[in-house]
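Trainee: Take a look at the following structure, please.
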């Protein structure tokens with residue numbers, strides 16, 4: 001079986017760090033938003049996220065790269081404090097699927113440096129054939145580009161791939177790519193609309209003995 005994983009919110013508990021960092025950057029510039037505003041950008045690339053945020057608030061008068069750099073700086077503080085935390089039972093699932101010979105790749109909107117750091121911190125890089133960043137494709141999720149590119153790297157047809165996603169944009173991208181999509185929903189995270197997914201799981205242990 002051929003599995004393509006998103007990273008943030010699927011492999012690691014990192015969405016909260018990005019959300020808090022964005023909220024803090026906005027507060028620094030006199031913009032107060034609650035986390036529900038930021039949640040709408042889950043799964044999107046950083047440049048596209050900030051293009052839209054800047055359009056929403058006229059007080060933001062710097063280029064996107066300025067705000068992205070500030071977000072990463074604040075996120076680093078959170079990671080230094082909390083570490084890189086794997087999603088519950090994901091390491092058990094990856095080990096089981098690797099042992100079964102499943103082919104696996106990562107397709108994340110995060111920069112490659114973040115993807116590689118996560119792989120190395122959790123000791124899971126060897127499980128994945130390819131690591132694909134949103135920087136490698138023209139359009140970010142919800143466009144299907146990143147998943148289609150991942151399938152191409154694996155020499156697979158889209159119909160032969162399963163995507164595991166956690167965000168509304170990610171699920172949309174997987175379905176537009178013509179792939180089967182399993183939505184992982186962490187009950188401790190803000191709810192996302194994953195109604196387009198083919199199935200939803202809240203506990204990775206439910207997939208351990210599944211024949212995919």
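Trainee: Just to verify a result, which residue in the stretch 149-173, among those that are free of Cβ contacts under 8 Å to residues at least 60 places away in the same chain and assigned to a helix (DSSP H, G or I), is surrounded by the most Cβ atoms within 10 Å (Cβ to Cβ)? Walk me through it before giving the result.
Mentor: Pass one, the stretch 149-173, residues free of Cβ contacts under 8 Å to residues at least 60 places away in the same chain: 149, 152-153, 155, 157-159, 171-172.
After this cut, where a residue has to be assigned to a helix (DSSP H, G or I) as well, the list is 149, 152-153, 158-159, 171-172.
Working: 149: 18, 152: 13, 153: 16, 158: 19, 159: 10, 171: 27, 172: 21.
Per the stated criteria, the residue is 171.
Trainee: If you don't mind, there's one more thing I want to ask. Given the criteria over 16 Å from the mean Cα position of the chain (by Cα), closer than 26 Å to residue 139 by Cα and surrounded by fewer than 19 Cβ atoms within 10 Å (Cβ to Cβ), does residue 113 qualify? Working first, answer last.
Mentor: Details: over 16 Å from the mean Cα position of the chain (by Cα): no; closer than 26 Å to residue 139 by Cα: yes; surrounded by fewer than 19 Cβ atoms within 10 Å (Cβ to Cβ): yes.
It is false that residue 113 is over 16 Å from the mean Cα position of the chain (by Cα), closer than 26 Å to residue 139 by Cα and surrounded by fewer than 19 Cβ atoms within 10 Å (Cβ to Cβ).
Trainee: Which condition number in (1) under 12 Å from the mean Cα position of the chain (by Cα); (2) surrounded by 21 or more Cβ atoms within 10 Å (Cβ to Cβ); (3) touching a residue at least 24 places away in the same chain (Cβ under 8 Å) is the one that residue 183 fails?
Mentor: The failed condition is (3).
Trainee: Just the residues that are closer than 14 Å to residue 3 by Cα and outside any loop (DSSP other than H, G, I, E, B), please, taken from the stretch 176-203.
Mentor: 180, 181, 182, 183, 184
Trainee: For the stretch 120-136, how many residues are closer than 20 Å to residue 45 by Cα, surrounded by 19 or more Cβ atoms within 10 Å (Cβ to Cβ) and at pLDDT 95 or above? Even if it seems obvious, please write down each step before you answer.
Mentor: Narrowing the stretch 120-136 to residues closer than 20 Å to residue 45 by Cα: 130-136.
With the extra rule that they be surrounded by 19 or more Cβ atoms within 10 Å (Cβ to Cβ), the set shrinks to 131-134.
Filter once more, so that each one left must be at pLDDT 95 or above: 131-133.
So the answer is 3.
The values are calculated or read from the model by the stated rules, or taken from the named source; none is laboratory data. If you're wondering where the values come from, they're calculated on a predicted model, not measured in any experiment. Cβ coordinates were reconstructed from backbone atoms using ideal geometry, including for glycine residues, and neighbour counts include every protein chain displayed.
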